[in-house]
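The values are calculated or read from the model by the stated rules, or taken from the named source; none is laboratory data. Just so we're clear, the structure is a prediction, and the values are computed from it rather than from any experiment. Cβ atoms come from the backbone with ideal geometry, glycine included; neighbour counts cover every protein chain shown. Note: areas computed on protein heavy atoms with side chains; ligands, DNA, RNA excluded. Shrake-Rupley method; radii C 1.70, N 1.55, O 1.52, S 1.80 Å.
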Amino acid sequence: EYKFLESRPRSNYRQLWVKGRHMRAEVLYRCTVGPEPETPEQIATEYSVPVEAVLEAIDYCTRYRELLDAERAREAASIRARNLDRYPNAALDYKPDE
C-alpha cells in the first residue's frame, strides 16, 4: 500500500518504518504537528527523504492513530516501570505526565 514505508517483523513496534532508514513513520509525522509544525518539504530536506515519504507517513499516522497512541502508552508505562522517568535518567525538573 505504501511505497516508502515498511513493517519490521522483529521490531517491538507494530507501526511502519521509513524504508532504508532506522526511523518510524511517526517521527516524520510528529514534525508536522505541535506548536511549531513544519511543512512536508521542510521535513523531507531535514531528514533527507523524499517529500512523498513524508506525505505517506502523515497519511499512515492519521489512519492508524489508535495503534500509535497504544504504542506510545505502552512505551511510557515501560519507562515508568523501570524508573527511567526519574533522576539520574531524566532531568531534575522533568515532570512526567500523570
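Things worth noting here:
- Each of ASP69 and ARG14 was given a label point 7 Å from its Cα along the Cα-to-Cβ line. The distance between the two points is 1.5 nm.
- Loop-resident sites, segment 56-98, for trypsin sites (Lys or Arg not before Pro), counting at most 13 other Cβ within 10 Å (DSSP): ARG82, ARG86
- Exposure rank, largest accessible area first [LEU92, LEU16; 1.4 Å]: LEU92, LEU16
- Taking only protein heavy atoms and a 1.4 Å probe, the accessible area of segment 1-94 is 51% carbon and sulfur.
- Segment 59-98 - accessible surface per residue (Å², probe 1.4 Å): 81
- Positive-end residue, the chain charge dipole about Cα centroid, Cβ charges, pick of VAL18, ALA81, VAL54: ALA81
- Convex hull of segment 51-98 built on C-alpha atoms - directionally averaged projected area, nm²: 4.7
- Computed Kirkwood radius, in angstrom, where 1/r is averaged over Cα pairs of the chain: 14.8
- Calculated from backbone phi, Karplus (6.51, -1.76, 1.60) coupling profile of segment 70-87 in Hz, x at Gly/Pro: 5, 5, 5, 5, 4, 5, 4, 5, 5, 4, 5, 5, 9, 6, 7, 9, 10, 4
- Percent of alpha-carbon pairs separated by more than 14 Å within segment 10-54: 47
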